[in-house]
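Chemist: My structure is below; once you've seen it, I'll send some questions.
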Amino acid sequence: MGILIKPIVTEKMTIQGEKLNRYGFIVDREANKLQIKAAVEQMYNVTVAEVNTMNYHGKRKSRYTKAGMLTGRANHYKKAIVTVAGEDKIDFYANI
């Protein structure tokens with residue numbers, strides 16, 4: 001699997017993309033900022049100005065069922081916010 005796992009397409013990230021040229025990605029937990037920058041530049045043919053990363057710890061989840069209480073945990077993941085330089089844009093819907 002590559003560095004970029006999937007883009008984050010939410011209302012908040014769409015607004016940031018339009019106004020601030022910022023785009024969100026779920027990335028490999030071992031990837032550093034330089035690797036993320038190179039992967040975004042190669043995949044979308046844009047110039048990346050900066051990369052901010054956040055590590056998320058998976059939350060504990062539990063639910064009640066007929067079989068009793070089931071417990072588990074959501075996955076840990078790393079999120080990257082990529083700021084694109086100049087007039088470059090990333091269109092996530094172009095290759096659908």
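Chemist: Which one is farthest from PHE92 (Cα to Cα) among residues in the range 1-33 that are of a type outside the set (D, E, K, R), in contact with a strand residue (DSSP E or B) (Cβ under 8 Å, 6 or more places away or on another chain) and in a helix (DSSP H, G or I)?
Modeler: LEU20
Chemist: Also: For the subset of the range 1-22 comprising residues that are among the β-branched types (Val, Ile, Thr) and touching a Phe, Trp or Tyr at 6+ places or on another chain (Cβ under 7 Å), which member is least open to solvent (accessible area, probe 1.4 Å)? Write out each step before concluding.
Modeler: The first filter runs over the range 1-22 and keeps only residues among the β-branched types (Val, Ile, Thr), leaving 3, 5, 8-10, 14-15.
Still in the list and also touching a Phe, Trp or Tyr at 6+ places or on another chain (Cβ under 7 Å): 8-9.
Values: ILE8: 29, VAL9: 73 Å².
It comes out as ILE8.
Chemist: Step by step: first the residues of the range 67-96, then only those that are polar (S, T, N, Q) and modelled with pLDDT of 90 or more, then the one that is least open to solvent (accessible area, probe 1.4 Å). Which residue is that?
Modeler: So the first thing to find is which residues in the range 67-96 are polar (S, T, N, Q), and the list is 71, 75, 83, 95.
Checking the rest, the ones that are also modelled with pLDDT of 90 or more come to 71, 75, 83.
Working: THR71: 110, ASN75: 120, THR83: 20 Å².
It comes out as THR83.
Chemist: Then there is this: Any residue in the range 47-60 that is over 14 Å from the mean Cα position of the chain (by Cα), under 17 Å from GLY2 (Cβ atoms), open to solvent by less than 40 Å² (accessible area, probe 1.4 Å) and without any contact (Cβ under 8 Å) to a residue 60 or more places away in the chain?
Modeler: Yes, the range 47-60 contains at least one residue that is over 14 Å from the mean Cα position of the chain (by Cα), under 17 Å from GLY2 (Cβ atoms), open to solvent by less than 40 Å² (accessible area, probe 1.4 Å) and without any contact (Cβ under 8 Å) to a residue 60 or more places away in the chain.
Chemist: Which residues, taken from the range 23-42, are under 13 Å from VAL82 (Cα atoms) and surrounded by fewer than 18 Cβ atoms within 10 Å (Cβ to Cβ)?
Modeler: Just the residues of the range 23-42 that are under 13 Å from VAL82 (Cα atoms), to begin with: 23-27, 32-41.
Passing the criteria: ILE26, ASN32, LYS33, LEU34, GLN35, ALA38, GLU41.
The values are calculated or read from the model by the stated rules, or taken from the named source; none is laboratory data. Since the structure is predicted, the reported quantities are computational estimates derived from the model, not experimental observations. Cβ coordinates were reconstructed from backbone atoms using ideal geometry, including for glycine residues, and neighbour counts include every protein chain displayed. The protein model used for the area step is the full one, side chains on, heavy atoms only, and it has no ligands, DNA or RNA in it. Shrake-Rupley method; radii C 1.70, N 1.55, O 1.52, S 1.80 Å.
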